[in-house]
Amino acid sequence: MKLWIENYLKEQARLAQALPAEEIQTWIELLQGVREKGAQVFACGNGGSAANCSHFAVDLGKGASGMIAGGPAHPKETKKRFRVLSLNDNLPWITALGNDVSYDDIYVEQLKNYGMQGDILIAVSVSGNSPNVVRTVEWANSKGLVTLALVGNKKDNKLRQQAKRTIAVDGGHYGQVEDAQMHVLHLLCYAFIEGHAK
């Protein structure tokens, strides 16, 4: 058991070290741009990726918008707040779309209500082939949103081919890839929370 834990952590460290710092910096700069012009940031994924998207939306919407730990007595207000929404968080809407339309449309049909040219969509998927996420990226591309894909390294990865920018985690273990993807999402938020990005 101890050896398995050590090997797991060793591989996790390798994946984190292999993340492309320059591309992550580019994503941070894109987020700076949308915040400045008042555009929106959307995220979507399934399963563990959905949980990561929800976590990202909380950190970007609260922490990176000024309301940091310390409570309301010590808020650190930023000049502009992020307008961020995780498309996998409205469960009644998701179930209505899944039941009445198609599970493949649960994210794109929500995005059609909100998404505009210049907004950012972050699509998170280990396989890169989730039909509901792929369909959402296709629609977002057609409407001029900036599409960013955070995926695993599978060769037949549709999101890797369709998104305007991609970060692919170089691993095949779902849990480890999801952990590394959360590293990226945390970096996107903490660049603002810690003041490295203005």
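Would you confirm, using the coordinates I've provided, whether Arg165 is among the charged types (D, E, K, R), touching a strand residue (DSSP E or B) at 6+ places or on another chain (Cβ under 9 Å) and open to solvent by 20 Å² or more (accessible area, probe 1.4 Å)? Before the answer, list the steps.
Working: among the charged types (D, E, K, R): yes; touching a strand residue (DSSP E or B) at 6+ places or on another chain (Cβ under 9 Å): yes; open to solvent by 20 Å² or more (accessible area, probe 1.4 Å): yes.
Yes, satisfied.
Look at Ala149 and say whether it is touching a residue at least 12 places away in the same chain (Cβ under 8 Å) and part of a loop (DSSP other than H, G, I, E, B).
Working: touching a residue at least 12 places away in the same chain (Cβ under 8 Å): yes; part of a loop (DSSP other than H, G, I, E, B): no.
Taking the combined requirement at face value, the residue does not satisfy it.
Hey, any hits in region 120-135 for a residue that's within 14 Å of Trp27 (Cβ to Cβ), open to solvent by 30 Å² or more (accessible area, probe 1.4 Å), in contact (Cβ under 8 Å) with a residue 24 or more places away in the chain and assigned to a strand (DSSP E or B)? Walk me through it before giving the result.
Quick first cut of region 120-135, residues within 14 Å of Trp27 (Cβ to Cβ) only: 120-124.
From what's left, open to solvent by 30 Å² or more (accessible area, probe 1.4 Å): none.
No, region 120-135 contains no residue that is within 14 Å of Trp27 (Cβ to Cβ), open to solvent by 30 Å² or more (accessible area, probe 1.4 Å), in contact (Cβ under 8 Å) with a residue 24 or more places away in the chain and assigned to a strand (DSSP E or B).
Has region 27-49 got at least one residue that is assigned to a loop (DSSP other than H, G, I, E, B), on the phi > 0 side of the Ramachandran plot, modelled with pLDDT under 95 and open to solvent by 40 Å² or more (accessible area, probe 1.4 Å)?
There is no residue in region 27-49 that is assigned to a loop (DSSP other than H, G, I, E, B), on the phi > 0 side of the Ramachandran plot, modelled with pLDDT under 95 and open to solvent by 40 Å² or more (accessible area, probe 1.4 Å).
Tally time: how many residues in region 5-41 are out of contact with any strand residue (DSSP E or B) (no Cβ under 6 Å at 6 or more places or on another chain) and among the β-branched types (Val, Ile, Thr)?
Counting residues in region 5-41 that are out of contact with any strand residue (DSSP E or B) (no Cβ under 6 Å at 6 or more places or on another chain) and among the β-branched types (Val, Ile, Thr) gives 4.
For the structure I just gave you, tell me whether Lys76 is at pLDDT below 95 and open to solvent by 80 Å² or more (accessible area, probe 1.4 Å).
Numbers: at pLDDT below 95: yes; open to solvent by 80 Å² or more (accessible area, probe 1.4 Å): yes.
So Lys76 passes the test.
What single numbered condition from (1) among the small types (Gly, Ala, Ser); (2) in contact (Cβ under 8 Å) with a residue 24 or more places away in the chain; (3) out of contact with any helix residue (DSSP H, G or I) (no Cβ under 7 Å at 6 or more places or on another chain) fails to hold for Ala16?
(3)
Under 7 Å by Cβ, and 6 or more places apart or on different chains, what pairs join a residue from region 177-198 that is of a type in the set (Phe, Trp, Tyr) and in a helix (DSSP H, G or I) with one that is buried (at least 18 other Cβ atoms within 10 Å of the Cβ) and at pLDDT 95 or above?
Once the first residue is of a type in the set (Phe, Trp, Tyr) and in a helix (DSSP H, G or I) and sits in region 177-198, no partner that is buried (at least 18 other Cβ atoms within 10 Å of the Cβ) and at pLDDT 95 or above comes close enough.
Does at least one position in region 143-161 carry a residue that is surrounded by fewer than 21 Cβ atoms within 10 Å (Cβ to Cβ), modelled with pLDDT of 95 or more and either among the small types (Gly, Ala, Ser) or touching a Ser or Thr at 6+ places or on another chain (Cβ under 6 Å) (or both)?
Yes: one or more hits.
For region 179-193, which residues satisfy the criterion of being surrounded by fewer than 21 Cβ atoms within 10 Å (Cβ to Cβ) and either hydroxyl-bearing (Ser, Thr, Tyr) or under 14 Å from Ala123 (Cβ atoms) (or both)?
Tyr190
The values are calculated or read from the model by the stated rules, or taken from the named source; none is laboratory data. Remember, predicted model here, so these are calculated numbers, not experimental data. Glycine gets a Cβ as well: all are built from the backbone with ideal geometry, and neighbour counts include every protein chain shown. Heavy atoms of the whole protein, side chains included, go into the accessibility calculation; ligands, DNA and RNA do not. Shrake-Rupley method; radii C 1.70, N 1.55, O 1.52, S 1.80 Å.
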